[in-house]
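Notes to accompany the following structure.
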Amino acid sequence: MEFYAIYILISNFGVLFGSSEGGIAVDSMARILIVSLPIAAAVWLALFILQGVGLFTMAKKAGLKNKWLAFVPFADLILMGKLAGTCSIFGRKMKRSGLYAMLASVLSTLYVAALVAAQILLFTVYRDAIVIDEFGSADWVGLTGFGNFVRNFYMIGDLLGGIVELIYVILLFILLTGLYKKYYAKGYLILSWVGLFLPVSRYIVVFVLRNNKAIDYEAYMRAKREEYMRRNPYGPYGPYGGPYNSGNQGPYNQGPYNQGPYNQGPYNQGPYNQGPYNQGPYGQSGNGTPGQSGSAADDPFAEFAPGASSGTDASGKGDKKENKDDDDLFN
């Protein structure tokens with residue numbers, strides 16, 4: 001499938017630079033398609049060898065057997081799957097991602113080869129039946145038998161090719177995600193998405209990552225979380241964290257000094273706040289008897305209380321005359 005993408009790119013460049021205001025001649029189109037094949041093959045082969053060097057180096061460091069599979073088309077995906085290990089997709093494990101990607105690659109390659117052959121046949125063998133419409137699109141009329149079959153296959157080729165390519169690209173994306181997690185954990189997601197939309201990028205990326213050390217991604221994430229907690233001053237390993245803080249505050253907020261004897265202990269809820277000094281003889285007691293108030297005789301302002309008489313003596317009997325005078329004075 002990567003070869004077909006390179007072939008389409010080169011042929012489109014040829015059509016772009018070879019066309020004029022009146023379009024491009026059929027003979028020129030045929031030449032462009034034929035010349036684009038070896039050029040695309042040379043470019044793909046150079047990229048494939050580049051990836052092979054990267055896979056061979058990775059397999060050698062990992063101690064895998066059959067490292068030569070790195071230079072075999074289709075089989076390189078199986079070796080890549082062994083390097084990636086178990087891959088995951090939507091929370092499910094995939095142990096043979098390399099094998100599935102290889103099968104999809106074989107299927108897509110066979111389909112692409114048939115599509116390219118049909119295109120070349122239509123522009124060479126059946127070029128006399130070509131009709132160019134007002135939009136510049138080519139069609140073939142009057143074909144029968146095998147020629148008509150080739151024409152119909154070519155017309156629906158893009159639709160079927162898109163379905164085949166989608167299956168292959170998804171499986172390749174899963175495989176590349178597992179591989180990049182091991183050899184470039186901090187940026188594996190970006191590289192995987194680039195590989196999804198540009199599958200040919202894997203040839204270059206694998207070569208670049210060949211000297212990276214393979215790691216366990218789960219262990220890598222645990223180490224990153226622990227490092228973050230150590231750097232976070234309010235984390236359990238920070239200066240303001242720990243057992244007195246519950247990870248967010250310091251020892252003076254949730255420790256023994258706020259929930260201990262000084263806030264909830266004897267000084268706030270103990271004998272000095274709820275004990276004999278607040279509710280005892282000094283708080284609600286006047287005679288030393290807890291829970292009772294002092295008598296009126298002990299109160300120097302008792303005579304100013306509402307309803308109190310100024311002539312009350314110790315026995316509780318007041319001066320009637322003084323009371324009468326008081327009544328006359330205020331009435």
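Observations
- For Val43, the conditions (1) modelled with pLDDT under 90; (2) open to solvent by 50 Å² or more (accessible area, probe 1.4 Å); (3) out of contact with any strand residue (DSSP E or B) (no Cβ under 9 Å at 6 or more places or on another chain) all hold with the exception of (1).
- Residue count for the range 134-160 satisfying the condition of being open to solvent by 40 Å² or more (accessible area, probe 1.4 Å), hydrophobic (A, V, I, L, M, F, W, C) and farther than 30 Å from Phe197 by Cα: 3.
- Residue in the range 88-104 that is more than 25 Å from Ala185 (Cα to Cα) and among the small types (Gly, Ala, Ser) present: yes
- Condition met for Phe74 (modelled with pLDDT of 95 or more and touching a helix residue (DSSP H, G or I) at 6+ places or on another chain (Cβ under 6 Å)): no
- Within the range 1-32, restricting attention to residues that are over 25 Å from Val200 (Cα atoms) and part of a helix (DSSP H, G or I), the residue that is modelled with the highest pLDDT is Arg31.
- Test: residue in the range 142-152 that is small (Gly, Ala, Ser), touching a helix residue (DSSP H, G or I) at 6+ places or on another chain (Cβ under 7 Å) and part of a helix (DSSP H, G or I): no
- Given (1) free of Cβ contacts under 8 Å to residues at least 24 places away in the same chain; (2) farther than 19 Å from Leu9 by Cα; (3) of a type outside the set (A, V, I, L, M), index of the condition Pro38 fails: (2)
- Single residue of the range 178-187 satisfying the filter (open to solvent by 60 Å² or more (accessible area, probe 1.4 Å) and free of Cβ contacts under 8 Å to residues at least 60 places away in the same chain) that is nearest to Gly54 (Cα to Cα): Tyr184
- In the range 91-109, the qualifying residues are those that are of a type in the set (A, V, I, L, M, F, W, C) and open to solvent by less than 60 Å² (accessible area, probe 1.4 Å), and the one that is farthest from Glu218 (Cα to Cα) is Val106.
- Residues satisfying the stated conditions in the range 209-250, i.e. among the β-branched types (Val, Ile, Thr) and modelled with pLDDT under 60: none
- Candidate set from the range 71-90 (those that are closer than 14 Å to Tyr183 by Cβ and not in a helix (DSSP H, G or I)); member that is most open to solvent (accessible area, probe 1.4 Å): Gly85
- Scanning the range 177-202 for residues that are out of contact with any strand residue (DSSP E or B) (no Cβ under 9 Å at 6 or more places or on another chain) and of a type in the set (A, V, I, L, M) gives Ala185, Leu189, Ile190, Leu191, Val194, Leu196, Leu198, Val200.
- Here Val131 passes the criteria (1) open to solvent by less than 50 Å² (accessible area, probe 1.4 Å); (2) over 30 Å from Ser105 (Cα atoms) except the one numbered (1).
- A single entry from Met94, Met58 fulfils the requirement of being in contact (Cβ under 8 Å) with a residue 12 or more places away in the chain, out of contact with any strand residue (DSSP E or B) (no Cβ under 6 Å at 6 or more places or on another chain) and among the aliphatic types (A, V, I, L, M): Met58.
- Ala117 falls short on exactly one of the conditions (1) surrounded by fewer than 18 Cβ atoms within 10 Å (Cβ to Cβ); (2) in contact with a helix residue (DSSP H, G or I) (Cβ under 6 Å, 6 or more places away or on another chain), and that condition is (2).
- Filter pass, Leu50 being outside any helix (DSSP H, G or I), modelled with pLDDT of 90 or more and either more than 23 Å from Leu107 (Cα to Cα) or among the polar types (S, T, N, Q) (or both): no
- The single residue among Ile163, Ile204, Ile215, Ile190 that is outside any loop (DSSP other than H, G, I, E, B), open to solvent by 40 Å² or more (accessible area, probe 1.4 Å), over 22 Å from Leu47 (Cα atoms) and among the hydrophobic types (A, V, I, L, M, F, W, C) turns out to be Ile163.
The values are calculated or read from the model by the stated rules, or taken from the named source; none is laboratory data. Owing to the predicted nature of the structure, the values given are computational and were not obtained by experimental measurement. Quick reminder, even Gly has a Cβ in these numbers, built from the backbone with ideal geometry, and neighbours come from all protein chains shown. To get the accessible areas, we keep the full protein, side chains included, count just its heavy atoms, and leave off ligands, DNA and RNA. Shrake-Rupley method; radii C 1.70, N 1.55, O 1.52, S 1.80 Å.
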